[in-house]
Amino acid sequence: MANRRYMKATIIAGVLFLIAVVWFYNLNNIIKLGLPAIAVLAVIMILAADRLEKKGLFIKKRARDADRGARAEEVVAERLASLPEGYHAFHDLAFEGFNIDHVIVGPGGIFLVETKSHREEVTARGDILLLNGKQPTKNFLNQAWSQTYQLRDLLKTHTSREWKIKPVLCFTRAFVKVREPVKGVEVLNKKYLAAYLSGQPQILGTEEIETVTRIMRSRVSGQHDHV
């Protein structure tokens, strides 16, 4: 994702450069058009260049965000590698229009982990998650639940059974001051993730774990399965 965004930003920069080159090499012809035409062309060129520049900067920022997000997912994957025997961690599950960062299956249940790389202090007010005392532009809790429902529907399609799935928000760089679930979502810092998962009471048997892991393997794109 980051590479695609950087490529778009590079293309926009190339277009801006091409506009400048075309203007420079046709300057004599442009001058012949007269002052009114030059003024109109100049305004058009300036507006177009300004629009392209803003779009390029926006795409570049999105690319940096994607880079940080990818690194955060790698950090969480490394943490999940320390889970005890019997736990399976799957990464980057592809669904239509989005990916689920991590799904963990083990004796303690099925967990969906959405990773965030924000640096802010994470707190909560009722069912509202806050970053530095303010609501984030994206509702992380709704995002986690939406993905949880998608995963639950996938499992039900394959097994005709309702599975309980626990959504988790894992912040890799933030100071998390939340001490209980927010809107049913567990909110953790990365260093507590593995301990939280492995510390859950057993609710799944061996056959149930095998059933779910088999389904997960069929959906994972670029997976790493840690046992």
Using 0.36 nm times the number of residues separating Tyr192 and Leu18, minus their current alpha carbon distance, what extension gain do you get? 57.5 nm
Per principal axis, largest first, the Cα atoms of the range 76-131 extend in Å by 36, 29, 21
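Using a Förster radius of 22 Å, what is the FRET efficiency between Arg125 and Phe175 based on their Cβ-Cβ separation? Nearest 0.05, please.
For Arg125 and Phe175, the calculated efficiency is 0.85.
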So how many Lys-Lys pairs in the range 77-227 land under 21 Å Cα to Cα, not counting same-chain pairs under 8 apart? 22
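Highest first, please rank the peptides 104-110, 210-216, 177-183, 156-162 by the mean number of other Cβ atoms sitting within 10 Å of their residues.
Details: 104-110: 22.3, 210-216: 18.1, 177-183: 14.0, 156-162: 10.6.
Highest mean packing first, the order is 104-110, 210-216, 177-183, 156-162.
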Gyration tensor (Cα only) of the range 83-219 to equivalent ellipsoid, semi-axes in Å sorted down, yields 26, 16, 13
Could you check the spin-label model distance between Glu85 and Gln143? Points 7 Å from the Cα along Cα→Cβ, value in nm. 3.7 nm
Want the number for Lys164 to Thr206: 0.36 nm per residue separation, take away the alpha-carbon distance, what's left? 13.5 nm
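Just so you know, all these numbers are worked out from the coordinates, no wet-lab data involved. Since we're looking at a predicted model, the values are computed, not measured. Using ideal geometry, Cβ is built from the backbone for each residue, glycine included, and neighbour counts are taken over all protein chains shown.
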